[in-house]
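Engineer: Dropping the structure in here first, questions after.
Just so it is clear, none of the values below were taken in a lab; they were calculated from the coordinates. Everything numeric here is computed off the predicted structure, so don't read it as measured data. Note that each Cβ is placed from the backbone with ideal geometry, even for glycine, and that neighbours are counted across all protein chains shown.
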């Protein structure tokens, strides 16, 4: 049974710094004040992730500050010829130096590393502007350009606040918005990557919290058109306690349809074979057909990060809140498995 949603503004932390008000919402109603956190700054984890894609390319940009370890990572993925280029700028012990916004709906961020510059700005009406200028990206190429992500009218997001059972100060406050319309151009070496309205989409994944000592998280999201209507989804789970609000929802024209528990069925012998997704309420049946995979592994002093990222196409059916059935085919998306230890 899906827990009741939170419909009024509530704090993430009480006055003594203890996380409270766990649950889920359609809007960023949880009020986050990191100054109240009583845990060591080395345990505070913050990340912004942008995924936007056209029919030919997918771009992934992640800004991560996990205390001991920080990075700004960018991947350009060709969906047609299955080639990928990645550039990562690593910052040991960032400890808040990225100055990531405390509000998922407002604020701007500008990061410069060597000669590379990244700008992310939240605008009125829910739009976001991403500017990238990386003179040296991969094999003697560059990445420069600007993409605008526009939100559907009155769009809702999947917003969750979850605890860990055995670590009372650990929590994750997250927002996922898998329904952006992407427009812009990226110059990648001699190629021009075009993102045009109706043919390009974006996903915004925002996370703040106090990390546990170890975590394993599965997550998948996608966005596109089905029968002329915009659909999107975000499904996942981790070692966090999701009893008061799972990370699972489907979106139609920006409106959220909440799902309960979703199971990922992955062949352990071959992650590039089809994945199957089902929900315990029998509302979701979905197949993910990956077309390429990237494996990442980093370690630094007490920090360890292992990640498997895949992109491909999602097809299936979902029962919406009004009990109507939505079928969808070949929605471009992204899936990953991530293990962190500190």
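Engineer: Need one number: nm distance between label points at residue 298 and residue 18, each 7 Å from Cα along Cα→Cβ, rounded to one decimal.
Structural biologist: Result for the modelled spin labels: 3.5 nm.
Engineer: Okay, moving on. Within the range 101-140, name every residue whose backbone N is under 14 Å away from a label modeled 7 Å from Cα of residue 9 along the Cβ vector.
Structural biologist: Answer for the range 101-140: 103-106.
Engineer: Residues of the range 193-208 with backbone nitrogen within less than 19 Å of a virtual label 7 Å along the Cα-to-Cβ line of residue 83, please, listed as ranges.
Structural biologist: Answer for this model: 193-195.
Engineer: Could you line up 124, 253, 167 from fewest to most neighbouring Cβ atoms inside 10 Å?
Structural biologist: Starting with the residue having the fewest Cβ neighbours, the order is 124, 253, 167.
Engineer: Mind ordering 57-65, 110-118 by average Cβ neighbours within 10 Å, highest first?
Structural biologist: The densest-packed peptide leads the list: 57-65, 110-118.
Engineer: Would you order 322, 205 from fewest to most other beta-carbon atoms within 10 Å of each residue's own beta-carbon?
Structural biologist: Placing the least packed residue first, the sequence is 322, 205.
Engineer: Given Cα pairs under 8 Å that are at least 6 residues apart, what percent is the relative contact order of the chain?
Structural biologist: 14
Engineer: Provide the packing ranking of 12-20, 74-82, i.e. peptides ordered by the mean count of other C-beta atoms within 10 Å per residue, highest first.
Structural biologist: In descending order of packing, they fall as 74-82, 12-20.
Engineer: Here are a few candidate values for log10 I(q)/I(0) by the Debye sum over Cα atoms at q = 0.06, 0.14 Å⁻¹: (i) -0.19, -1.19; (ii) -0.22, -1.13; (iii) -0.43, -1.08. Which one was actually calculated from the structure I just gave you?
Structural biologist: Among (i) -0.19, -1.19; (ii) -0.22, -1.13; (iii) -0.43, -1.08, the one calculated here is (i).
Engineer: For the pair residue 192 and residue 108, how long in nm is the line joining their label points, each one 7 Å along Cα→Cβ?
Structural biologist: Between residue 192 and residue 108, the simple spin-label model gives 2.7 nm.
Engineer: Return the whole-Å distance between the Cα centroid of the range 31-82 and the Cα centroid of the range 150-214.
Structural biologist: 9
Engineer: Please rank 166, 42, 128, fewest neighbouring Cβ atoms within 10 Å first, as an exposure proxy.
Structural biologist: 166, 42, 128
Engineer: Going by average Cβ neighbours within 10 Å, how do the peptides 87-96, 239-248 rank, with the highest at the top?
Structural biologist: Packing order, densest peptide first, comes out as 239-248, 87-96.
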